[in-house]
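Reading through the structure tokens given below for one structure.
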Amino acid sequence: MRKLIIVLLNLAVYLFALLYVLPIVWTIFSSFKDEADLFSWPPKLISQPTLVNYLQVVRKTQFALFFRNSFLVSVSATLITIIISVMGGYALAKYQFRFKNQVSTFILSMLMIPLQVIMVPIYLVMSRCQDRWGERDQDLLQNHSAFDAAFDRSPRGPVFHLALERFPLAFDRGRFAQALHDTTRPGTLCGRTHRSVGSSAGDDRAFDDTRSDRLHRPSEVFRQGHHHGCDQVREDV
Amino acid sequence: LKRQYYAWLFLLPNLIIFTIFVVTPALSSFYYALTDYDMIRLSGKFVGLANLRYLFSGTNDFGRVLLRTFMYSAMVVPIAFFTSLFLAVVTSSDLIKGKAFLRALFYWPWLLSPSIIGVSWKWFLDYDAGLINILLLKNGSSPIPWLLDRRLAFLSVVLVTVWNVAGYFMVMFNSALTAIPTEVYEAAALDGANRWVRFWKIIFPLLKPTAILVLVLSTIMSMRSFEIIYVFTAGGPGTATTVLAQKIYYTAFLERKLGMASAMSVILFAILITLSLVQMKILEEET
């Protein structure tokens, strides 16, 4: 009886999971249908698969160009992000210096500024860059939004723009990775051995210092969660 | 002293890029908010608080957009909270096989690009060719105008947003659940209460820090959500799904009133800062 319930429970969960991803699955299925089948009457759920849509993409759109743009944007954004955030993260984790807390608070508070707030000025900056450095397509300014422009031609502005957009998060991770280095060891999960983890006593101090001001971030909260959990255990048991 | 020197050297690229791409635009945004800068003249004069006064004068739909944004947030936050908690509990349960696979599946929507999500759902809920309406037709019922009816479109947007973020918050809850030692579960099991009571009385209180974080993050996310709605409904039908970020975008890049748009973004900024401060305050009290 119990076994049957468990099997049914599993079935229900997997059915739910299937429904959950259905919109994407449906889109994927649709991509293999030709136009006639998509709007046929009565509608067909499954029809003869065809690659005609994919050929259309390659033939009729500038797919290679779009792909190149995406590639350029993501590669350069990733590189810039990694380099500067590793550097910054290293400095904050490793060194003691004046205004350290202020700098780190400053950088973290920048995370809160949403894209919408800086969107307009950045657009203006980008459009001026365009005037200055070529890409003299008036269309770009007149008819396209900054977002369209980002995916349209010029890799220059958008690269920085996207780098910037992802950069704070990755910065976070740069430091996070170092903090993670000790928090993920099994011993620390319950806050039992906090000290023994860093590679040296000095490192440990640095980590602790940088932590104190980051209480509002996921990693920290998880850690707090762990501590809470453990304290609770001690009280309970 | 030399060490200090190196620290600043390492931080320099960081600070430079931040200054150029975040600080300066953010500050100039405040300045533009006080001008009537527009994109056709590419110039503007100082008008003081006229933009803000206009926005709250009640002679335009800004008030309604603001209200709608709050409503959207008020719906997304609780639904996303319970959905992700539910998913986390399901994918952490001992009774379920293939937990890792399920987690990956539920996390999938978070990894997709907003434009893919928008297009997929638009297609899924399409009046003529969407899967749901096709199935309804097959069963002899009439199709539902998901994206054509104002109220349904709004609900659809909420649904899609929840669908998008639930996996992300699920992972947060998952790690919080994993962090609870098995002893707690065992001790709870000895208590004899049923699973439902045990969860809410014993496990859920232990998730409190994560729960608060999820609530605040989802509030901030929903207040600034833009991309998915932009692709999914483009704010329509009419302005039924136009939220604040959308309004800023339209004002800036379609109406080309950069000054007005900046004034709106300053308002958004104020809202988000308030939320973030509340978040920090709560988390401080927690520790």
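The values are calculated or read from the model by the stated rules, or taken from the named source; none is laboratory data. Since this is a predicted model, take the numbers as computed values, not measurements. We place every Cβ from the backbone using ideal geometry, glycine too, and count neighbours over all the protein chains shown. Accessible surface areas use protein heavy atoms only, side chains included; no ligands, DNA or RNA. Shrake-Rupley method; radii C 1.70, N 1.55, O 1.52, S 1.80 Å.
Annotation: lysines with alpha-carbon distance below 22 angstrom to B:K138 (same-chain offsets under eight excluded): A:K33, A:K44, B:K122.
When a/c reaches 1.5 or more, the comparison of a/b and b/c decides; with that in mind, is the stretch B:180-287 rounded, prolate or oblate per its Cα gyration tensor?
On the way: a/c = 5.39, a/b = 2.40, b/c = 2.25.
Cα axes put the stretch B:180-287 in the prolate bin.
Tell me the total accessible area that A and B bury against each other, 1.4 angstrom probe, in square angstrom rounded to 100.
So the buried area, both faces added, is about 7600 Å².
Over chain B, dividing the summed -39,500 (n - 2.57) contributions of all DSSP H runs of at least 4 residues by the number of residues returns a 222 nm mean residue ellipticity of -22500 deg cm²/dmol. Around B:L136, under 15 Å between beta carbons, what's the net of Lys plus Arg minus Asp minus Glu among the other residues? That sum, taken over residues with Cβ under 15 Å, equals -2. Remark: mean inter-chain Cβ contacts per residue of B:24-35 equal 4, using a 10 Å Cβ-Cβ cutoff to other protein chain atoms.
Distant-in-sequence amide contacts of B:T35, defined by a placed amide H-H separation under 5 Å and a gap of 5 or more residues or a different chain, comprise B:V47.
Work out the mean other chain Cβ neighbour count within 10 Å for the residues of B:174-185 and drop it here as an integer. Intermediate results must be reported in sequence, preceding the final value.
Details: counts 0, 5, 7, 2, 5, 11, 7, 9, 1, 7, 6, 0.
Across B:174-185, the average partner-chain Cβ count within 10 Å equals 5.
Quick one: which bits of the stretch B:108-143 get at least 30 Å² less accessible when the partner protein chains are in, versus the chain alone, with a 1.4 Å probe? Residues meeting the cut-off: B:W108, B:S120, B:W123, B:F124, B:A129, B:L131, B:I134, B:L137, B:K138. If R0 is taken as 51 Å, the Cβ-Cβ distance between B:F199 and A:T78 corresponds to a FRET efficiency of 0.80. Mean separation of Cα pairs under 8 Å and 6 or more residues apart, divided by the residue count, gives chain B a relative contact order of 29 percent.
Is chain B rounded, prolate or oblate when judged by the Cα gyration tensor, a ≥ b ≥ c being the square roots of its eigenvalues, rounded requiring a/c under 1.5 and prolate requiring a/b larger than b/c? Mind dumping the intermediate values first?
Details: a/c = 2.16, a/b = 1.25, b/c = 1.73.
Oblate shape, in that a/c is at least 1.5 and b/c is the bigger or equal ratio.
Considering only the other residues whose Cβ falls under 13 Å of the Cβ of B:R68, what net charge follows from Lys and Arg at +1 and Asp and Glu at -1?
Numbers: positive: B:R64, B:R150, B:R151, B:K247; negative: B:D61.
That works out to +3.
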